[in-house]
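Undergrad: Before we start, here is the structure in question, set down as structure tokens.
The values are calculated or read from the model by the stated rules, or taken from the named source; none is laboratory data. None of the values given here were measured: they were computed from a predicted structure. No Cβ is skipped: glycine too gets one built from the backbone with ideal geometry, and neighbour counts run over all protein chains shown. We work out accessible area using only protein heavy atoms, side chains counted, and drop any ligands, DNA or RNA first. Shrake-Rupley method; radii C 1.70, N 1.55, O 1.52, S 1.80 Å.
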Amino acid sequence: MNFNFHNDSIRGVLRRFGQEEAEVDHMETFVTFARLANSIFREMDTDLARLGASQGRVIVLSLLHFHAPHRMTPSELAEKADVTRGTMTGLIDGLERDNMIERVAHESDGRMVAIGLKEAGRELLRTVGPYYTKLIGSCMSEFTAQDHETMKTLLGKMKSGFERSLPEC
């Protein structure tokens, strides 16, 4: 994957518009990060589809597995997965159709439903677990312990900057 051509062209355009070198560096670093993340997620989507999964499905199943034996409501799942309730409804519908989860009456409020993990869902997690382990191990294999600390610090700074850019609610 060659990031340099794209970054070189961005660098040239920004310089022509009179951007300061620091702004050009910001853009180059951000574009490199974003393109790498996009490539990783695109590859993951392809690989997970071959395994009969998706990132969304794995997140829902993982949340249910982590909270087991407690069942979770759709709104709890949506909040923990950081998706809309509508998106979560679609994920739940597909997982239920594929017999990976079950909807049951909520223990304390019969008007609500709770979502529980079924054996087929656990089996899918056992299938994708080694995939994630291998992918992450490969991506991080050249990092030293110090690199991990540095990366976490840098990503924390990037997250803070991003959160400051969001409109206040």
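Undergrad: Pull up all non-local amide H partners of Thr73: gap of 5 or more, or a different chain, and H-to-H distance under 5 Å with H placed in the peptide plane.
TA: Ile115
Undergrad: Compute the length gained on full extension between Arg111 and Val31: take 0.36 nm times their separation in residues and subtract their Cα-Cα distance, giving the result in nm to one decimal. Don't skip to the end; give the middle numbers.
TA: Working: separation 80, 0.36 × 80 = 28.80 nm, distance 4.76 nm.
Here the segment from Arg111 to Val31 would lengthen by 24.0 nm.
Undergrad: Express the accessible area of the chain per residue in Å², computed with a 1.4 Å probe while the remaining protein chains stay in the model. Kindly include the intermediate steps, with their values, before the conclusion.
TA: On the way: 11830 Å² over 169 residues.
Accessible area per residue: 70 Å².
Undergrad: Could you give the C-alpha radius of gyration of the chain expressed as a fraction of 2.2 N^0.38 Å, taking N as the number of residues it contains? Mind showing how you got there, number by number?
TA: Values: Rg = 20.7 Å, N = 169, 2.2 N^0.38 = 15.5 Å.
Computed over Cα atoms of the chain, the ratio equals 1.34.
Undergrad: I would also like to ask the following. How large is the convex hull of the C-alpha atoms of the range 83-169 per residue, in Å³? Walk me through the intermediate numbers first.
TA: Working: hull volume 16.0 nm³, N = 87.
Looking at the range 83-169, the number lands at 184 Å³ per residue.
Undergrad: What trypsin sites (Lys or Arg not before Pro) in the range 115-169 are in a loop by DSSP, with at most 12 other Cβ atoms within 10 Å of the Cβ? Display every interim value, and only then the final one.
TA: Working: sites: Lys118, Arg122, Arg126, Lys134, Lys152, Lys157, Lys159, Arg164; in loops: Lys118.
Of the trypsin sites (Lys or Arg not before Pro), not one in the loops of the range 115-169 has a Cβ with at most 12 other Cβ atoms within 10 Å.
Undergrad: For Lys157, list the aspartates and glutamates whose Cα falls under 13 Å from its own Cα; do not include residues on the same chain fewer than 8 positions away.
TA: Glu149
Undergrad: Classify the range 118-166: rounded, prolate or oblate, from the alpha-carbon gyration tensor (a ≥ b ≥ c, eigenvalue square roots; a/c under 1.5 rounded; otherwise prolate if a/b is larger than b/c)?
TA: Details: a/c = 4.46, a/b = 1.61, b/c = 2.78.
Because a/c hits 1.5 or more and a/b fails to exceed b/c, the range 118-166 counts as oblate.
Undergrad: So, with +1 on the Cβ of K and R and -1 on the Cβ of D and E, and no other charges, what is the size of the charge dipole of the chain about its Cα centre, to the nearest 20 debye?
TA: With only Lys, Arg, Asp and Glu charged at Cβ, the dipole is about 300 debye.
Undergrad: For the charge dipole of the chain, defined by +1 on Lys and Arg C-beta atoms and -1 on Asp and Glu C-beta atoms about the Cα centroid, which residue among Thr32, Gly56, Leu154 has the Cα displaced farthest towards the positive pole?
TA: Toward the positive end, the furthest listed residue is Gly56.
Undergrad: For the chain, with all protein chains present and a 1.4 Å probe, just round the carbon and sulfur fraction of the accessible area to a whole percent. Don't jump to the answer; show the numbers that get you there.
TA: Working: 6770 of 11830 Å².
Here it works out to 57 percent.
Undergrad: Treating cross-link reach as a plain straight distance, find the lysines whose alpha-carbon is under 22 Å from the alpha-carbon of Lys118, omitting any fewer than eight places away in the same chain.
TA: Counting by Cα, and skipping residues close in sequence, Lys118 has these lysines nearby: Lys80.
Undergrad: Treating the beta-carbon of each Lys and Arg as +1 and of each Asp and Glu as -1, no other charges, what is the dipole magnitude of the range 111-161 about its Cα centre, to the nearest 20 debye? Intermediate results must be reported in sequence, preceding the final value.
TA: Numbers: 8 positive and 5 negative charges, 71 e Å.
For the range 111-161, the charge dipole is close to 340 debye.
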